[in-house]
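In what follows, a structure is listed as structure tokens, so that the remarks can point back to it.
The values are calculated or read from the model by the stated rules, or taken from the named source; none is laboratory data. Values in this document were obtained by computation on a predicted structure and should not be read as measured data. As a convention, Cβ positions derive from the backbone with ideal geometry for all residues, glycine included, and neighbour counts pool all protein chains shown. Side chains included, ligands, DNA and RNA excluded: accessible areas come from the protein's heavy atoms. Shrake-Rupley method; radii C 1.70, N 1.55, O 1.52, S 1.80 Å.
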Amino acid sequence: MLLAGESWAARFEGFQREAWRLETLPQYLMPQEVEEIEAWRNGARVDPQSVSNEYTDRLRRQATEGRVQGRVHIVTRPLSEYLRFEFHQYYAAHSLAGERIRILDVTERMNPLPDVQDFWMFDRAEVVLMNYHPDGRQISREVYEGDVSPFIEYQQIAVEESVPFEEYVKGLDV
């Protein structure tokens, strides 16, 4: 089953304990980000402390409700332009709003999750595969119909092998 629109948004309102994502790509080409990226290229920067939008408001609300959202992004250095943009314009504010963001840098070591594609997992009970073209253009979101236990293991490995976002970016110019 493919997800879009309201059925996709409902996953983020309906989870009980945890929504968690694995990100594996150096860039995601999202049409709604084109203007933001261009502004960032031209020097526009957000103050992570003051960001308030639908996403950060939802993260804050979920945190007060005891519901956690998190992710691990697998990266290599040098960081792509998109990752530098994402770290500064999104991750810093999202982390302050309560999202548990971690970075798994595989520049100087083997990737412990080779060939694992992007996915979201909700309450360790439902997995949604995030399908992308190699350049980061999204193809679809697809509910995984099989056993979720390998994805729970992927999450465990990703979290154990990564560091908190705030720790990773110390000393980086992003």
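Contact annotation: residue pairs with Cβ atoms under 6 Å, 6 or more positions apart or on different chains, pairing a residue in region 89-102 that is within 9 Å of Thr56 (Cβ to Cβ) with a partner that is modelled with pLDDT under 95 and not in a helix (DSSP H, G or I), are Ala93/Val51. Figure legend. Inter-residue proximity from region 1-16: first residues farther than 16 Å from Met121 by Cβ, second residues open to solvent by 50 Å² or more (accessible area, probe 1.4 Å), beta-carbon distance below 6 Å, spacing 6+ or different chains. Indicated pairs: Leu2/Glu142.
Among the residues making up region 156-174, those that are over 14 Å from Arg77 (Cβ atoms) and crowded, with 19+ Cβ neighbours inside 10 Å are Ala158, Ser162, Phe165. The residue that is nearest to Ala9 (Cα to Cα), counting only those in region 112-128 that are without any contact (Cβ under 8 Å) to a residue 60 or more places away in the chain and surrounded by 15 or more Cβ atoms within 10 Å (Cβ to Cβ), is Val127.
Residues in region 83-123 that are out of contact with any Ser or Thr (no Cβ under 9 Å at 6 or more places or on another chain) and on the phi > 0 side of the Ramachandran plot: Asp115, Asp123.
What pairs come out if I take residues in region 133-155 that are under 21 Å from Val72 (Cβ atoms) and pair them with residues that are of a type in the set (Ser, Thr, Tyr) and surrounded by 14 or more Cβ atoms within 10 Å (Cβ to Cβ) whose C-beta lies under 6 Å away, six or more apart or interchain? Matching pairs, first to second residue: Gly136/Tyr28; Gln138/Tyr132. Selection of helices (runs of 4 or more DSSP H) fully inside region 1-69 by the criterion of at least 2 residues being farther than 30 Å from Pro150 by Cα and aliphatic (A, V, I, L, M) returns 34-41.
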